[in-house]
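A short worksheet on the structure shown next.
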C-alpha cells in the first residue's frame, strides 16, 4: 500500500476516533501529496523516493517551527508542532542512532575512497542519497566533517 492510500486509511480512522490533532496532521500530509502529484511535469504516482523526500521535508519544517516556538515560549504552538511531527514520523523509516550513522558513513567513505576534507562534497552526495529519510542532513554533514578531519 502506497503512502497516499495509507494516509487516507488513517484519516478515516482518525475521523471515526474523533482525533482532531491526528486528523489535522494527516490532512497536511495528504495535501502535500496532492500538491506534489498535480505539480507540472509530475507523474501520476509518486515514487517511494519522492514520498520520503516529501515526508522528510514536512518533518523538518515541523521541527524548525517547534524550535522557534520553544524559543519564544509559545508552549501551545510548540505542542501542536510536536504532535504533528510525531504523526509524520510514523510514516518515515526509523531514524539511525549516532553509532549506526557513524558506521554507515565509514562504509560510504571507504567505498568512495575519500581521503580528507577536500572530498566532503563527494561523500555528502553519496551519503545524502543512501541515508535519505533515515538521518537528518545536518547530522550527516557534521559526522562527515568529523570523520574526514
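The values are calculated or read from the model by the stated rules, or taken from the named source; none is laboratory data. The shown structure was predicted, so the numbers you read here are calculated from the model rather than taken from an experiment. Counting neighbours? That spans all protein chains shown, and the Cβs are built from the backbone with ideal geometry, glycine included.
Assorted remarks:
- Restricting attention to segment 37-62, the residues that are surrounded by 17 or more Cβ atoms within 10 Å (Cβ to Cβ) and touching a helix residue (DSSP H, G or I) at 6+ places or on another chain (Cβ under 7 Å) add up to 7.
- Residue within segment 97-112 that is free of Cβ contacts under 8 Å to residues at least 12 places away in the same chain and surrounded by 15 or more Cβ atoms within 10 Å (Cβ to Cβ) present: no
- You will find that of 47, 65, 6, the residue that is free of Cβ contacts under 8 Å to residues at least 12 places away in the same chain and within 24 Å of residue 95 (Cα to Cα) is 47 and no other.
- Of note, residue 50 does not satisfy the criterion of being farther than 26 Å from residue 128 by Cβ, at pLDDT below 90, outside the structural domain of residue 140 (by TED's automatic domain parsing) and assigned to a helix (DSSP H, G or I).
- Criterion (loosely packed, with under 13 Cβ neighbours inside 10 Å and over 22 Å from residue 131 (Cα atoms)) met by exactly one of 65, 9: 9
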